[in-house]
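Asks: My structure is below; once you've seen it, I'll send some questions.
The values are calculated or read from the model by the stated rules, or taken from the named source; none is laboratory data. The structure displayed is predicted, hence computed values, not measured ones. Positions of Cβ are generated from backbone atoms using ideal geometry, with glycine treated the same way; all protein chains shown enter the neighbour counts. Accessible surface is based on the protein model in full, side chains and every heavy atom, while ligands, DNA and RNA are left aside. Shrake-Rupley method; radii C 1.70, N 1.55, O 1.52, S 1.80 Å.
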Amino acid sequence: MAHVDEEIASQPECWQRALDLAPENLPAPGERVAVVGCGTSLYIAQAYATMRETLGQGETDAFAASEFPAARRYDRVLALTRSGTTTEVLAALARVRNTETVAITGDPGTPVGDAARHVVALEFADEKSVVQTRFATTALVLLRAHLGFAPADLPEQARRALEAPLPEGALDAGQFTFLGTGWTCGVAQEAALKVREASSSWTESYPAMEFRHGPISVSGPASLVWFLGEPPTGLVRQVESTGAKVSTTTLDPLADLIRAQRLAVGLAAKQGLDPDHPRNLTRSIVLDLP
């Protein structure tokens, strides 16, 4: 069994532990916040930023760490980094002046422990696989709980997602599109990344209402269009008219992401790929900068 299989299966327990935590130094209501990350962590940052603003808890921006505008005024900068060693995240934190910084990481004994003024350690959710699964989702559960936006039954929903069947024909599809609205746009981005990383499949992601504005043109009988959250009125019918398969569910969108993770691993296995070690990727991007 690949490491990622075990890590995906452990998410209900990780989520429960996150719900039971009450970490200090996370953004307080009313603060102006920037959230930075790379890859998966960027998409989790986007989901959290939209969620926090939508809930009226304060202006929140999400940035790829390499694009962080350090001169802009924020009350707090939150960095997401599983490894604690990602070059762009450390560089972004180094550019922050006179602002509270906090990092959520799987390994507090890494350079991020010195780069951020405060650290929230999720060591129990750290991973061996290159492909991120449980760390990212556990971090978002933690942040949702801090916002008061985490259903108490999230761990149980995660268990259901581990047992639920994949969409019919999903493993035979040749093109995958993941759609979200609001905070689930970030979750959809992450779902697409997982399938792309693990199986080298053709995946795309869009805000659901944007799908009609061009992207729907690639959909057809070989496509699977997957909604993370409730689809906009009429869009499922329009997608079905292309011949594409459609996935919807009543599960919490974060729990449904687990099904997308399972799809990614299943597609990798079908193609004889190692989902723990996708081609051209490493567990952490550490650059030799001048």
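Asks: Out of all the residues in segment 148-159, which are touching a Pro at 6+ places or on another chain (Cβ under 9 Å) and not small (Gly, Ala, Ser)? Show your work before the answer.
Replies: From segment 148-159, those touching a Pro at 6+ places or on another chain (Cβ under 9 Å) are 154-159; that's our starting set.
Once the filter is applied, which keeps residues that are touching a Pro at 6+ places or on another chain (Cβ under 9 Å) and not small (Gly, Ala, Ser), segment 148-159 yields 154, 155, 156, 157, 159.
Asks: Output the number of residues of segment 1-22 satisfying the condition of being at pLDDT 95 or above and either surrounded by fewer than 20 Cβ atoms within 10 Å (Cβ to Cβ) or of a type outside the set (A, V, I, L, M) (or both). Walk me through it before giving the result.
Replies: From segment 1-22, those at pLDDT 95 or above are 6-21; that's our starting set.
With either surrounded by fewer than 20 Cβ atoms within 10 Å (Cβ to Cβ) or of a type outside the set (A, V, I, L, M) (or both) added as a condition, the list becomes 6-7, 9-17, 19-21.
Matching residues across segment 1-22 total 14.
Asks: A further question follows. Which residue, of 224, 267, 263, 254, is part of a strand (DSSP E or B), modelled with pLDDT of 95 or more and open to solvent by less than 20 Å² (accessible area, probe 1.4 Å)?
Replies: Working: 267 fails: part of a strand (DSSP E or B); 263 fails: part of a strand (DSSP E or B); 254 fails: part of a strand (DSSP E or B).
224 is the lone residue from the list that is part of a strand (DSSP E or B), modelled with pLDDT of 95 or more and open to solvent by less than 20 Å² (accessible area, probe 1.4 Å).
Asks: Restricting the search to segment 74-109, which residues are assigned to a loop (DSSP other than H, G, I, E, B), closer than 17 Å to residue 136 by Cβ and among the hydroxyl-bearing types (Ser, Thr, Tyr)?
Replies: 83, 85, 86
Asks: Still on this model: Please specify each residue of segment 23-49 satisfying the condition of being farther than 13 Å from residue 143 by Cα and open to solvent by 20 Å² or more (accessible area, probe 1.4 Å).
Replies: Residues satisfying the conditions are 30, 31, 32, 38, 39, 42, 43.
Asks: Still on this structure, I have one more. Just to be sure before I move on: is residue 62 of a type in the set (A, V, I, L, M) and either buried (at least 22 other Cβ atoms within 10 Å of the Cβ) or part of a helix (DSSP H, G or I) (or both) in the structure I sent?
Replies: Values: of a type in the set (A, V, I, L, M): yes; either buried (at least 22 other Cβ atoms within 10 Å of the Cβ) or part of a helix (DSSP H, G or I) (or both): yes.
Yes; evaluated as a whole, the condition is true for this residue.
Asks: In the set 91, 125, which member is touching a residue at least 60 places away in the same chain (Cβ under 8 Å) and open to solvent by less than 20 Å² (accessible area, probe 1.4 Å)? Before you say what the answer is, go through the steps one by one.
Replies: Details: 91 fails: open to solvent by less than 20 Å² (accessible area, probe 1.4 Å).
Of the residues listed, the single one that is touching a residue at least 60 places away in the same chain (Cβ under 8 Å) and open to solvent by less than 20 Å² (accessible area, probe 1.4 Å) is 125.
Asks: Give me the pairs: first residue in segment 53-69 and on the phi > 0 side of the Ramachandran plot, second residue surrounded by fewer than 18 Cβ atoms within 10 Å (Cβ to Cβ), beta-carbon distance under 9 Å, and six or more apart or on different chains, which are they?
Replies: Once the first residue is on the phi > 0 side of the Ramachandran plot and sits in segment 53-69, its partners that are surrounded by fewer than 18 Cβ atoms within 10 Å (Cβ to Cβ) give 56/29; 58/28; 58/29; 58/30; 58/31; 58/32; 58/75.
Asks: Does segment 129-186 hold any residues that are of a type in the set (D, E, K, R), closer than 18 Å to residue 251 by Cα and modelled with pLDDT of 95 or more, and which are they? Write out each step before concluding.
Replies: Taking segment 129-186 and keeping what is of a type in the set (D, E, K, R), we get 134, 144, 153, 156, 159-160, 163, 168, 172.
Then keep just the ones that are closer than 18 Å to residue 251 by Cα; that gives 134, 144, 153, 156, 159-160, 163, 168.
Residues satisfying the conditions are 134, 144, 153, 156, 159, 160, 163.
Asks: Here is a list of conditions, (1) over 14 Å from the mean Cα position of the chain (by Cα); (2) part of a helix (DSSP H, G or I); (3) among the basic types (Lys, Arg), and residue 128 meets all of them except one; can you say which number that is?
Replies: All conditions are met except number (2).
Asks: With respect to residue 204, is the statement that it is under 22 Å from residue 62 (Cα atoms), within 22 Å of the chain's Cα centre (by Cα) and part of a strand (DSSP E or B) true? Reasoning before the result, please.
Replies: On the way: under 22 Å from residue 62 (Cα atoms): yes; within 22 Å of the chain's Cα centre (by Cα): yes; part of a strand (DSSP E or B): yes.
Against the criterion (under 22 Å from residue 62 (Cα atoms), within 22 Å of the chain's Cα centre (by Cα) and part of a strand (DSSP E or B)), residue 204 qualifies.
Asks: Does any residue in segment 172-186 that is in a strand (DSSP E or B) come within less than 8 Å, Cβ to Cβ, of a residue that is of a type in the set (D, E, K, R) six or more places away or on a different chain, and which pairs are these?
Replies: 175/204; 176/204; 177/204; 178/204
Asks: Another question, then. In segment 128-149, what residues are among the small types (Gly, Ala, Ser) and open to solvent by 30 Å² or more (accessible area, probe 1.4 Å)?
Replies: First pass over segment 128-149, keeping only residues among the small types (Gly, Ala, Ser): 129, 136, 139, 145, 148.
Of everything in segment 128-149, those that are among the small types (Gly, Ala, Ser) and open to solvent by 30 Å² or more (accessible area, probe 1.4 Å) turn out to be 145, 148.
Asks: Those residues that are in a helix (DSSP H, G or I) and small (Gly, Ala, Ser), I need them from segment 1-16; list them, please. Even if it seems obvious, please write down each step before you answer.
Replies: Of all residues in segment 1-16, those in a helix (DSSP H, G or I) come to 3-9, 11-16.
Selection gives 9 alone.
Asks: Can you name every residue in segment 162-194 that is open to solvent by less than 10 Å² (accessible area, probe 1.4 Å) and either within 25 Å of residue 80 (Cα to Cα) or under 16 Å from the mean Cα position of the chain (by Cα) (or both)? Steps first, please.
Replies: From segment 162-194, those open to solvent by less than 10 Å² (accessible area, probe 1.4 Å) are 170, 175-180, 184, 186-188, 190-192, 194; that's our starting set.
Result: 177, 178, 179, 180, 184, 186, 187, 188, 190, 191, 192, 194.
Asks: Here are some conditions: (1) in a helix (DSSP H, G or I); (2) closer than 22 Å to residue 237 by Cα. Residue 155 meets all but one. Which one does it not meet?
Replies: That leaves (2) as the condition not met.
Asks: To continue, here is another question. Give the residues of segment 228-246 that are surrounded by fewer than 24 Cβ atoms within 10 Å (Cβ to Cβ), in a strand (DSSP E or B) and not β-branched (Val, Ile, Thr), sorted by residue number.
Replies: Answer for segment 228-246, where residues must be surrounded by fewer than 24 Cβ atoms within 10 Å (Cβ to Cβ), in a strand (DSSP E or B) and not β-branched (Val, Ile, Thr): just 245.
Asks: Another question about this same structure. Considering only residues of segment 17-52 that are outside any loop (DSSP other than H, G, I, E, B) and farther than 27 Å from residue 181 by Cβ, which is nearest to the chain's Cα centre (by Cα)? Even if it seems obvious, please write down each step before you answer.
Replies: The first filter runs over segment 17-52 and keeps only residues outside any loop (DSSP other than H, G, I, E, B), leaving 17-20, 33-37, 40-52.
Within this subset, residues satisfying the condition of being farther than 27 Å from residue 181 by Cβ are 17, 20.
Working: 17: 18, 20: 21 Å.
Filtering first and then ranking leaves 17.
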